[in-house]
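Below: the structure, in structure tokens.
None of the figures in this text is laboratory data; all of them are computed from the coordinates on show. The structure displayed is predicted, hence computed values, not measured ones. Every residue, glycine among them, receives a Cβ derived from its backbone with ideal geometry; neighbour counts consider all protein chains shown.
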Amino acid sequence: MRKIELTAKDSEGRRPLIIDGTLWEDSYGSDAGNSYDRRFYAGFWGSALGRLTDLTIEELTAHLRHISVTFRDAPENLSEWQFGNLDISAEHGDPSVEVRFSVDFDLEYWAAPYSPSNLAAATEKVIAGRCELGFDYWQDYGENCLNGFGASITVPPKMTLGDLIAKGLSLAQLRELIEDELSKKGTISNL
């Protein structure tokens, strides 16, 4: 990855990226931000994932300030939740990088027998009780889980995106433990 450019907005209002002279259809970018940092915000999904797998975080952060990778399609049942993407915000040259796996759900269609805040509390409890899984809990903006929460890991910048995507796909065990926690009799009221 030597050069990244933004295209004009497409029909959905996104600005797909041109990377090393090739248009990446399943990508978007933004140059919003400050004038002293010329790196982009970027998102990738679908066909772009295969192109990312061999790139390291270090290679990407040389050009990108924030990276969002959607590695799962939306669930067929919109009332369900999942770990569906990963986010990286890092400075090029950082000795370690926090990678966040977000819990995705659609509040408009929420029909679970527990609330999103119960889900956040169960996620935090399971992660705290299962250190061997290697995850930390994160939640944006204090007490309001609706602004985002999930699991995170700290990795070296030499790790490839393929390894991170595989780690994200292996969150199935964590999800199962969270569902077990939520289904325990009386757990929801005790969270």
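Data for the structure
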item	result
Cross-link reach list, aspartates and glutamates versus Lys9, counting only Cα pairs under 18 Å and skipping chain neighbours closer than eight places	Glu25, Asp26, Asp31
Exposure proxy ranking, count of Cβ atoms within 10 Å, fewest first, for Thr160, Thr123, Thr53, Thr22	Thr22, Thr53, Thr160, Thr123
Unit charges at the beta carbon, dipole of the range 4-190: most positive-side option, Gly29, Gly142, Asn85	Gly142
Anchor Lys158: lysines whose Cα lies under 29 Å away (excluding residues fewer than 8 positions away in-chain)	Lys3, Lys167
Full-extension gain in nm, Ala112 to Lys9, via 0.36 nm per residue minus C-alpha separation	33.4 nm
Qualifying GluC sites (Glu not before Pro) in the range 94-191, DSSP loop, other Cβ atoms within 10 Å at most 16	Glu143
Order of Asp20, Asp87 - criterion: other Cβ atoms within 10 Å of each residue's Cβ, fewest first	Asp20, Asp87
Gain in span if fully extended, Leu146 to Thr53, counting 0.36 nm per residue against the direct Cα distance	30.5 nm
Relative contact order of the chain, pairs being alpha-carbon contacts under 8 Å that are 6 or more residues apart, as %	17 percent
Estimated distance in nm for a label pair at Glu176 and His92, the labels positioned 7 Å out from Cα along Cα-to-Cβ	4.2 nm
Exposed chymotrypsin sites (Phe, Trp or Tyr not before Pro) absent - longest run of the chain, DSSP non-H/G/I/E/B, at most 11 other C-beta within 10 Å	37-140
